[in-house]
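Chemist: Structure below; questions to follow.
The values are calculated or read from the model by the stated rules, or taken from the named source; none is laboratory data. As the structure is a computational prediction, the values presented were derived from the model and not from experiment. Cβ placement follows ideal geometry from the backbone for every residue including glycine, while neighbour counts extend to all protein chains displayed.
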Amino acid sequence: MKGSFKYIMLITGLFALLVYLESIAPQDVDWRQSFSGNDKIPFGTWVLRHELDTLFPNAAVTDVRTSFYEYEREGSDLRNSLLIVTNNFNPDSLDMDFLYRKAGLGADVFIAANYFNEALADSFKFEIKNKLITVADSVTTLQVWDGSSWGESLQFRKNVQSSWFSLADSSQAIPLGKGNNNLNFIKIPCGNGNFLLHSAPLVFTNYHTLYNNSSYQEQLLGWFSMPTGTLEWDEYYKPFRIDNRSPLKIILANKSLAAAYWTLLIGLVFYIVTNVLRRQRVIPVLKAKNNLSLDFVQTIGLLYYNQKDHKDLVGKIFAAFLEYINSRYFVRFDNSDDFYRKLAQKSGVSEKTVKMIFKRYQVLSEKKQVYEDELFQFNSLVEQFYRDSRQVATKRQS
């Protein structure tokens with residue numbers, strides 16, 4: 001009993017020491033683009049979310065924390081206008097139907113995102129263009145249409161705009177804003193309401209609201225109307241949302257609590273193992289024969305994944321992809337429309353998917369740090385190319 005008490009006291013002391021050291025350690029700046037109204041990090045939207053009451057003093061602001069389909073089933077008013085700020089807006093068909101019906105009844109749907117799903121782009125006849133090369137501290141000149149002329153030119157730093165709209169001749173979109181002379185803000189009438197789309201969501205984040213000219217955001221939201229006097233703020237379509245708010249999820253989401261949790265867990269496991277070894281003789285375990293080739297592949301994969309150098313892994317996936325298309329289709333990458341068209345014809349994969357792979361790699365290769373979900377998204381694009389090309393090859397052989 002005395003021996004067990006010493007182990008418990010040692011583990012408790014280490015736990016308390018770790019929590020203390022973590023609490024006094026300086027925190028690194030979190031540069032994630034969360035776009036969440038709960039985050040005070042540079043690229044969160046806490047400032048904008050809490051300034052909405054000032055910008056719209058006669059409006060009631062409510063948060064939407066579920067999918068739009070679920071939110072409607074809870075009894076929401078379809079006539080309430082909706083504001084969405086995110087990186088990649090890609091809702092399912094049920095949520096898209098909700099947005100169309102909302103606008104049809106007279107509400108305004110304001111969406112600021114770098115990427116829009118294909119259904120929305122096809123419906124409103126626009127295409128998203130992206131920079132292949134970006135400079136982190138470049139200056140973007142922004143202007144908003146005031147109803148009769150282009151307003152004052154405002155300059156924003158930190159490369160706030162990496163994408164813009166290209167409208168088809170048959171599009172009914174009305175240009176309302178531009179950045180570096182590229183269209184970044186459009187209005188599309190829909191029923192009795194409107195869709196307001198902006199391609200530079202970073203302008204709404206804390207950093208640019210505080211350290212650039214906030215009158216730009218006011219000019220953009222000046223086109224926003226609320227027929228019912230209620231504004232709905234989206235907190236569901238965010239890059240890092242946590243669907244499961246269990247206690248364990250909350251602990252693991254906090255760096256200090258997570259470190260303390262794992263220390264406690266490892267200490268308990270160590271205590272149990274040492275006590276078992278003292279009281280029970282070792283029982284030999286006969287291991288089954290291993291597939292050494294498979295073990296080698298798994299070990300290498302885990303090595304790269306556990307190092308958390310996602311940017312390096314993105315580079316290796318892309319290098320393998322280039323080798324694949326070079327050896328299989330005899331084409332070399334030269335970043336031209338002719339190259340994309342030739343690769344799409346030979347592989348049978350859509351030219352849009354081909355371009356998306358190379359453009360996504362260009363964006364990730366210029367970032368200082370690549371996050372896990374971005375690695376998964378890029379890998380999924382490459383895997384989709386492999387699957388589609390194999391299916392096409394099988395059909396051609398048959």
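Chemist: Against the condition outside the structural domain of ASN194 (by TED's automatic domain parsing) and outside any loop (DSSP other than H, G, I, E, B), how does LEU82 come out, does it pass?
Modeler: No: the conditions fail for LEU82.
Chemist: Something else: Look at ARG73 and say whether it is more than 15 Å from PHE204 (Cβ to Cβ), free of Cβ contacts under 8 Å to residues at least 12 places away in the same chain and among the basic types (Lys, Arg).
Modeler: Taking the combined requirement at face value, the residue satisfies it.
Chemist: Tell me, please, whether a residue that is touching a Leu at 6+ places or on another chain (Cβ under 8 Å), in contact (Cβ under 8 Å) with a residue 12 or more places away in the chain and polar (S, T, N, Q) can be found in region 118-132.
Modeler: No: zero hits.
Chemist: Acidic (Asp, Glu), closer than 30 Å to HIS198 by Cβ and modelled with pLDDT under 65: which single residue out of ASP295, ASP234, ASP243 fits that description?
Modeler: Of the residues listed, the single one that is acidic (Asp, Glu), closer than 30 Å to HIS198 by Cβ and modelled with pLDDT under 65 is ASP243.
Chemist: Now, a different point. Can you tell me which residue in region 51-70 is nearest to the chain's Cα centre (by Cα), limited to those that are surrounded by fewer than 14 Cβ atoms within 10 Å (Cβ to Cβ) and free of Cβ contacts under 8 Å to residues at least 24 places away in the same chain?
Modeler: That would be ASP53.
Chemist: Okay, next question. I'm trying to understand the selection: among the residues of region 153-171, which are charged (D, E, K, R), loosely packed, with under 15 Cβ neighbours inside 10 Å and either touching a residue at least 60 places away in the same chain (Cβ under 8 Å) or under 22 Å from ASN87 (Cα atoms) (or both)?
Modeler: Hit for region 153-171 is ARG157, nothing else.
Chemist: Would you confirm whether any residue within region 57-73 is farther than 23 Å from LEU220 by Cα, outside any helix (DSSP H, G or I) and of a type in the set (A, V, I, L, M, F, W, C)?
Modeler: no
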